[in-house]
Amino acid sequence: MSNNCRFRLFTALAVCGLFVSIFAQAQETHAPPVSKPEAGIQKAPETAIRVKVQVVNTPVAVRDARNNPILNLQKEDFEIFDNKQKQTIEAFDLAGEPLSTVLVLETSSRVASLLPVIRKSALVFTQTVVGPSGSAAIIGYDKVIQLLQPFTENHEPIEKTIANMKAGDKTARLYDALSDAVVLLRSQPSGRRRVIIVVGEPLDTGSNEKFGQVLREAQLANVVIYSVGLSSTAALALTEPQLSDPVSATPPGTFGMPPVPGTVQTPTSADRQNAMVLNLGAVAELAVRNVPGLVIDHPLEVATAATGGMYQSTFRNSTIEKALAAIGGDLNAQYTLSYNPTKSDQPGYHQIRIVVKRSGVKVRTRPGYYLEAK
């Protein structure tokens, strides 16, 4: 190509580029302006998230005057109230959904003498609690929280893990172990019942997690906590705590609650007030609310009351297997009611009340759940 042709081609390309640039500038100049919100109207950012409970699963145990389970109730026999508002029961089931269970075992040196008995309970746990359709994981706790067995439906590794338990040091990080168990259960399908069974002493040493926060997370994850209280001292073996008895949060002769206005606080009036207020359900609610200065003397009992489970005391070694069998029986007689709560984004404590349309029955369920303000 001659120099003259190259010059003409270069000139043509430059002119075309100039026209394209001018056309683009014209398009930008005449582009419609971006609309702006009117004055006084603020758009909520798309990333804003409000806490909302989608589904609440409430375990319900119903027993007659002789403490026998009632197993012939229908959906129409129940009413649910969330913060005094009647709810619509979306799902109803009697021990039909398979279980996902986390067995939380204390392995501290304080319970070393009880480990042989706990090892023998492996078969009761798999046969009576887990059952043919359930799955289980195992967490051990002393100074260290260990996942001893991930979730499995195979009974053999579960039984082998329990049979090979070994004692650690004297620390017992109960609250941290419960927190890890709740995290494990969150990963399980929503169609399964989520259960924690704790076998340990009713005390905590060295945990980082706060007891009330652990209970909050368990309630929001629809986790039911059962517990088998181990007694390593003679004092704890003298009496067997009952779930229905009030739990005193203060030493004898002291008053943990302010008096009723216009009344004189005496030991008699204080006992009566504690009997009315400081029952396990009330203590559980106070713990979930993280009331400052609240001392939890019976954490395993309070945890079961907060989530609708059952506490079993084992003041004799031979009752550990019986306690697990009783828990398995309770799970097989447990109703599960599900509802989508109205006004579920309201922060604070949501009280749950179950009404059974049958006279002379005793109902056990969880007292409620707590939503933090965001």
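Take the range 190-213 and flag every residue that is at negative phi, touching a residue at least 40 places away in the same chain (Cβ under 8 Å) and out of contact with any strand residue (DSSP E or B) (no Cβ under 8 Å at 6 or more places or on another chain).
190, 191, 203, 204, 210, 211, 212, 213
Provide a single number: the residues in the range 139-169 that are surrounded by 14 or more Cβ atoms within 10 Å (Cβ to Cβ) and touching a residue at least 60 places away in the same chain (Cβ under 8 Å).
Count: 4.
I'd like to verify a number: residues in the range 113-128 that are within 10 Å of residue 321 (Cβ to Cβ) and without any contact (Cβ under 8 Å) to a residue 40 or more places away in the chain, how many?
1
Do any strands (runs of 3 or more DSSP E) lying entirely in the range 107-212 carry at least 2 residues that are over 30 Å from residue 338 (Cα atoms), and which ones are they?
135-141, 145-152
Would you tally the residues in the range 65-98 being assigned to a loop (DSSP other than H, G, I, E, B), farther than 22 Å from residue 329 by Cα and among the charged types (D, E, K, R)?
1
Based on this model, can you work out whether residue 340 counts as at pLDDT 90 or above and surrounded by fewer than 21 Cβ atoms within 10 Å (Cβ to Cβ)?
yes
Check off (1) touching a Leu at 6+ places or on another chain (Cβ under 8 Å); (2) among the small types (Gly, Ala, Ser); (3) within 30 Å of residue 157 (Cβ to Cβ) for residue 91 and give me the number that stays unchecked.
Among (1) touching a Leu at 6+ places or on another chain (Cβ under 8 Å); (2) among the small types (Gly, Ala, Ser); (3) within 30 Å of residue 157 (Cβ to Cβ), residue 91 violates only (3).
Restricting the range 354-373 to residues that are over 12 Å from residue 63 (Cα atoms) and surrounded by fewer than 17 Cβ atoms within 10 Å (Cβ to Cβ), which is farthest from the chain's Cα centre (by Cα)?
My answer is 357.
For the structure I just gave you, tell me whether residue 118 is of a type in the set (A, V, I, L, M) and more than 25 Å from residue 219 (Cβ to Cβ).
The answer is yes for residue 118.
The values are calculated or read from the model by the stated rules, or taken from the named source; none is laboratory data. None of the values given here were measured: they were computed from a predicted structure. Cβ sites come from the backbone with ideal geometry, for glycine too, and all protein chains shown count toward neighbours.
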